[in-house]
Amino acid sequence: MKKQWLLMFVVVVMVMAVAACGGEEEAETSAEESGGNGENDPAVGNESGSVTIAGSSAMQPLVGAAAEIYQEEEPEANIQVQAGGSGAGLSQVAAEQVDIGNSDLFAEEEDEIDAGELVDHRVAVVGMAPVVHPDAGVDDLTSEELIDVWTGEITNWSELGGADEEITLVNRPQSSGTRTTFVNHALHGEEPAEGITEDSSNTVRQIVSETEGAIGYLAFSYFDDSITKVSIDGVEPTAENVQTGEYPIWAYQHSYTHGEPQGLTKEFLDFMLSDEIQETLVPEQGYINVNQMEVERDAEGEETSVE
């Protein structure tokens with residue numbers, strides 16, 4: 001009788017041990033199928049969590065609109081998009097103060113940034129152009145005339161066949177990627193004369209639209225009927241002319257991360273590069289699909305044809 005009870009006890013113990021092992025294997029399998037244990041990254045698999053983005057004001061309309069769409073599709077995600085300028089975006093992501101630093105510039109163009117620590121994600125291309133008050137009477141300038149206006153050699157629109165109105169320069173600060181792009185590719189490195197300096201592209205547009213004789217420069221995404229965009233050497237500032245390389249003032253829209261992105265940061269960048277965004281939102285917002293460019297440019301400004 002004692003032997004029978006002992007045998008039954010051994011069988012019960014063995015059954016419990018097998019069940020426990022099966023439960024552990026099932027848990028491990030579930031964890032593997034979900035892509036990890038989720039302890040360190042709550043965003044993996046369920047698109048929850050938060051991402052903070054800062055930098056280029058030229059990029060803000062596109063990234064902000066993409067963030068709104070993403071959050072509608074993934075309500076548990078929180079994507080915060082701020083401006084502040086390309087320099088601020090690069091310095092903040094380098095210091096790991098934000099998850100994504102947006103910039104019109106290559107990180108290599110900023111001396112104080114260790115570009116080797118950052119990963120570049122080119123999410124679009126943006127064109128930029130001079131813009132004037134509608135009553136200036138000018139909508140086309142040669143490259144030389146544009147430089148003379150911005151360096152203070154020409155001070156009245158009447159000198160260019162326009163209205164008899166003093167020219168007011170509306171500039172961006174030194175930290176602005178839009179300014180650097182404009183100086184490098186519109187003014188060929190010539191520094192602008194003194195004028196009004198504004199941090200925000202929205203404010204530049206407002207001042208130009210309200211100040212007779214004013215001239216500034218804006219990304220295509222900020223164009224509206226309140227200002228007049230200016231052609232250069234007869235070439236209109238259009239997406240098509242940027243794509244072919246005929247229009248010279250453009251920049252990549254870089255979204256930099258400190259190291260390879262993970263979790264929600266990676267998911268949002270993948271979303272930015274998806275066909276859903278590149279083929280609809282990008283052109284709707286006045287930007288250019290990076291995959292449709294017929295020319296490319298490196299950090300030194302050298303431009304070559306895309307093969």
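The values are calculated or read from the model by the stated rules, or taken from the named source; none is laboratory data. What you are looking at is a predicted structure, and each value in this text was computed from that prediction instead of being measured. Neighbour counts run over all protein chains shown; Cβ positions are idealised from the backbone, glycine included.
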Can Val119 be described as farther than 23 Å from Val170 by Cβ, crowded, with 24+ Cβ neighbours inside 10 Å, modelled with pLDDT of 95 or more and not aromatic (Phe, Trp, Tyr)? no
Cross-chain or 6+ apart pairs with Cβ under 6 Å, segment 74-85 first and more than 17 Å from His254 (Cα to Cα), then assigned to a loop (DSSP other than H, G, I, E, B): Glu74/Glu47; Glu76/Ser48; Ala77/Glu47
Which members of segment 211-240 meet the condition of being free of Cβ contacts under 8 Å to residues at least 24 places away in the same chain and of a type in the set (D, E, K, R)? Asp224, Asp225, Glu236, Glu240
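Which one of these is exposed (fewer than 14 other Cβ atoms within 10 Å of the Cβ) and under 25 Å from Gly116 (Cα atoms): Gly263, Gly259? Working first, answer last.
Values: Gly263 fails: exposed (fewer than 14 other Cβ atoms within 10 Å of the Cβ).
Unique residue meeting the criteria: Gly259.
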Those residues of segment 143-183 which are over 32 Å from the mean Cα position of the chain (by Cα), among the charged types (D, E, K, R) and surrounded by fewer than 17 Cβ atoms within 10 Å (Cβ to Cβ) amount to Glu153, Glu159, Asp164, Glu166
Which numbered condition Arg205 misses (of (1) touching a residue at least 60 places away in the same chain (Cβ under 8 Å); (2) in a loop (DSSP other than H, G, I, E, B)): (2)
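Residue-by-condition table, conditions (1) in contact with a helix residue (DSSP H, G or I) (Cβ under 8 Å, 6 or more places away or on another chain); (2) not assigned by TED's automatic domain parsing to the domain that holds Ser231:
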site	(1), (2)
Asp120	yes, yes
Asp139	no, no
Ile147	no, no
Glu159	no, no
Ala163	yes, no
Gln174	yes, no
Thr178	yes, no
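For segment 80-117, what are the residues that are part of a strand (DSSP E or B) and either touching a Gly at 6+ places or on another chain (Cβ under 9 Å) or farther than 23 Å from Tyr70 by Cβ (or both)?
Residues of segment 80-117 part of a strand (DSSP E or B): 80-84, 100-103.
The answer is Val81, Gln82, Ala83, Gly84, Ile100, Gly101, Asn102, Ser103.
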Being assigned to a loop (DSSP other than H, G, I, E, B), touching a residue at least 60 places away in the same chain (Cβ under 8 Å), charged (D, E, K, R) and over 17 Å from Thr181 (Cα atoms), is that true of even one residue in segment 124-146? yes
Taking segment 273-292 and keeping residues over 14 Å from Ala251 (Cα atoms) and touching a Ser or Thr at 6+ places or on another chain (Cβ under 7 Å) leaves Gln285
Just one listed residue, out of Ala83, Ala124, is at pLDDT 95 or above and either under 13 Å from the mean Cα position of the chain (by Cα) or under 22 Å from Val282 (Cβ atoms) (or both), and it is Ala124
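Take the residues in segment 266-289 that are more than 23 Å from Arg179 (Cα to Cα) and of a type in the set (A, V, I, L, M, F, W, C); name whichever of them is surrounded by the most Cβ atoms within 10 Å (Cβ to Cβ).
Here is the first cut: in segment 266-289, the ones more than 23 Å from Arg179 (Cα to Cα) are 266-281, 284.
Restricting the remaining residues to those that are of a type in the set (A, V, I, L, M, F, W, C) gives 268-269, 271-273, 277, 281.
On the way: Phe268: 25, Leu269: 19, Phe271: 20, Met272: 23, Leu273: 16, Ile277: 23, Leu281: 18.
Out of the qualifying residues, it is Phe268.
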Is it the case, given these coordinates, that Ser56 is polar (S, T, N, Q) and in contact with a Leu (Cβ under 8 Å, 6 or more places away or on another chain)? no
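In segment 176-188, is there at least one residue being over 18 Å from Asn289 (Cα atoms), not hydrophobic (A, V, I, L, M, F, W, C) and not in a helix (DSSP H, G or I)? Give the derivation first.
So in segment 176-188, the residues over 18 Å from Asn289 (Cα atoms) come out as 176-188.
This time we only want the ones that are not hydrophobic (A, V, I, L, M, F, W, C), so: 176-181, 184-185, 188.
After this cut, where a residue has to be not in a helix (DSSP H, G or I) as well, the list is 176, 188.
Yes, because at least one residue in segment 176-188 is over 18 Å from Asn289 (Cα atoms), not hydrophobic (A, V, I, L, M, F, W, C) and not in a helix (DSSP H, G or I).
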